[in-house]
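Read the structure below first, then the notes.
The values are calculated or read from the model by the stated rules, or taken from the named source; none is laboratory data. Please read these numbers as outputs of a predicted model, since none were measured by experiment. Using ideal geometry, Cβ is built from the backbone for each residue, glycine included, and neighbour counts are taken over all protein chains shown. Protein only, heavy atoms only, side chains kept; ligands, DNA and RNA dropped before computing areas. Shrake-Rupley method; radii C 1.70, N 1.55, O 1.52, S 1.80 Å.
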Amino acid sequence: MRENEIDIHYYATEIRKLAASHQAGETLSDVKARVDSLIQLMKESLGSDKAWQAKNWEALLDQLNIYLTNKVDPKWMTVISHAKFRIKSRRQTAIYSRKHFKQ
């Protein structure tokens, strides 16, 4: 087990909870800020190995895709889509860094 092993399910669940809080009436700007903070926390816990980061970002995206269907509430979809956009950005940064900056 890696020393920076993380629980992807935990982060997916927390993002879903944030989506539910927006669905229940919390403002979108507050929820987006909390999603960004959660993603930053995950980034910090992943360490500096870019291949490892990319793998975990991809796993989180897979977890979130399970909960994004065409039948979900639009408020839910907005938060999950925001999270996916941020995660994809982190994943692409890790992939780019891995290819261009040898560690």
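Filtered by the rule that a residue be closer than 17 Å to ARG86 by Cα and acidic (Asp, Glu), segment 3-32 gives GLU14, ASP30.
Here ALA59, ALA19 are screened, and the one residue that is more than 13 Å from ILE6 (Cα to Cα) and either of a type outside the set (S, T, N, Q) or open to solvent by less than 40 Å² (accessible area, probe 1.4 Å) (or both) is ALA19. Restricting segment 33-55 to residues that are under 19 Å from SER81 (Cα atoms) and open to solvent by less than 70 Å² (accessible area, probe 1.4 Å), which is modelled with the lowest pLDDT? The selected residue is ALA54.
Could you look through segment 62-76, keep only residues that are out of contact with any helix residue (DSSP H, G or I) (no Cβ under 7 Å at 6 or more places or on another chain) and among the charged types (D, E, K, R), and pick out the one that is least open to solvent (accessible area, probe 1.4 Å)? Full working, then the answer.
Residues of segment 62-76 that are out of contact with any helix residue (DSSP H, G or I) (no Cβ under 7 Å at 6 or more places or on another chain), as a first pass: 62, 65-66, 69-72, 74.
Narrowing further to those that are among the charged types (D, E, K, R): 62, 71.
Numbers: ASP62: 82, LYS71: 180 Å².
Among residues in segment 62-76 that are out of contact with any helix residue (DSSP H, G or I) (no Cβ under 7 Å at 6 or more places or on another chain) and among the charged types (D, E, K, R), the one least open to solvent (accessible area, probe 1.4 Å) is ASP62.
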